[in-house]
1. Whose amide H sits under 5 Å from the amide H of ARG188, counting only residues 5 or more places off or on another chain, with H placed in the peptide plane?
2. Which FRET efficiency value, to the nearest 0.05, is calculated for GLU144 and LYS93 with the Förster distance at 41 angstrom and r the Cβ-Cβ distance?
3. Sequence-distant or interchain residues sharing an amide H contact under 5 Å with HIS76, placed H: which?
4. Residues with amide H under 5 Å of ARG92's amide H, sequence separation 5 or more or different chain, H placed in the peptide plane at 1.01 Å from N; which?
5. Using the reciprocal of the averaged 1/r over all distinct C-alpha pairs, how large is the Kirkwood radius of the range 129-216 in Å?
6. Spelling out what I want: for every residue of the range 80-91, take phi, set θ = phi - 60°, compute 6.51 cos²θ - 1.76 cosθ + 1.60 (Karplus), and round to whole Hz; glycine and proline get x.
7. So for the range 129-216, taking the charge dipole from beta-carbon charges (+1 Lys/Arg, -1 Asp/Glu), which of ILE187, ALA132, VAL199 sits furthest toward the positive end?
8. Figure the gain on full extension for TYR190 and LYS45 (residue separation times 0.36 nm, minus the Cα-Cα span) and round it to one decimal in nm.
Amino acid sequence: MSTLGSNRQSGQAGKRRPRLRRAQCWLAAALGFALVAPACADAEKAKAIVANICAACHGIDGNSTIPTFPKLAGRHPDYIVRELKEFVGGKRKSDIMAPICAALDPDDFKSLGAYFGAQKPTSGTVLDKKAAEIGEKLYQDGDEVRGVPACGGCHNPDGSGNKRFPRLAGQHREYLIEQMVNFQKDIRNYESARLMREVAKRLTDDEIKAVAEYLTGL
Ligand code: HEC
Ligand code: HEC
């Protein structure tokens, strides 16, 4: 399993400063920099799409407050683009996201990814400390006897994720649990979900709850 966790560049996206970028856009527009302007137009369009469509469920800053709607803030932009494409192709099944993605222009996926990637992610609150401790051990060390790999080897020890392995830190426990069950039941059964299906099938219901409790608090 050691090579699987080799892609460790962490999602730095959350550290970008949108305010600075806005100033740069304004400056570019004022000075008429033709090369910079299209990227700014994309960013403005993404912002409008988020405000009109995505914000209702995912929050204007990507920190959804509804437990079954995932937080998107601080996700690697490439992961967001990949999932949007999977919804369009129908490989990742969701009655909610499929029609939304089908109605979008795929040319906007990249700037939507950049928008959410640049938002600052929030943490949730741990309600069951004991479960979170059990979850932490599983997340950081795995279980060698049963062949459960350490989650942190792929998703990073701090849960920040990267372009291949999504950010899990601070995510709603309900969403995390739902998705781990989706992997177990082969509902998320496309190519990039193959590794995660193998992992999820080795977890018990209690372990799923424990690791979700831990991750919510990160
Ligand atoms: C009506 C509520 C709703 C709206 C509006 C909505 N989403 Fe979603 N979104 C969801 C739900 C529910 C899921 C989880 C789908 C599943 O079960 O796999 C999701 C999942 C996602 C994911 C995958 C997240 C992950 O962690 O894998 C991305 C990316 C995403 N949405 C982006 C968007 C974007 C971009 C928009 C706006 C264009 C949008 N969503 C609008 C409800 C919504
Ligand atoms: C070998 C690498 C690997 C390991 C180890 C791993 N994962 Fe994953 N995980 C993935 C990949 C790849 C995805 C994205 C799948 C996709 O594209 O839909 C993922 C996705 C997820 C998701 C869905 C996130 C979302 O936003 O929808 C959850 C939850 C998750 N993993 C939890 C865990 C937990 C808990 C562990 C440890 C028990 C773990 N993972 C170990 C590779 C891994």
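1. It is PHE183, by chain and number.
2. On the way: r = 34 Å, r/R0 = 0.82.
So, using R0 = 41 Å, E works out to roughly 0.75.
3. Long-range HN contacts for HIS76: ARG167.
4. When sequence neighbours closer than 5 places are left aside, the close amide H contacts are PHE87.
5. 12.7 Å
6. 4, 4, 4, 5, 4, 5, 5, 5, 4, x, x, 6
7. Going by the Cα projections, it comes out as ILE187.
8. On the way: separation 145, 0.36 × 145 = 52.20 nm, distance 2.97 nm.
Full extension from TYR190 to LYS45 adds 49.2 nm.
Every number here is computed from the coordinates shown, using simple stated rules; none is lab data. Everything numeric here is computed off the predicted structure, so don't read it as measured data. A quick note on method: Cβ atoms are made from the backbone with ideal geometry, for glycine too, and the neighbour counts reach across all protein chains shown.
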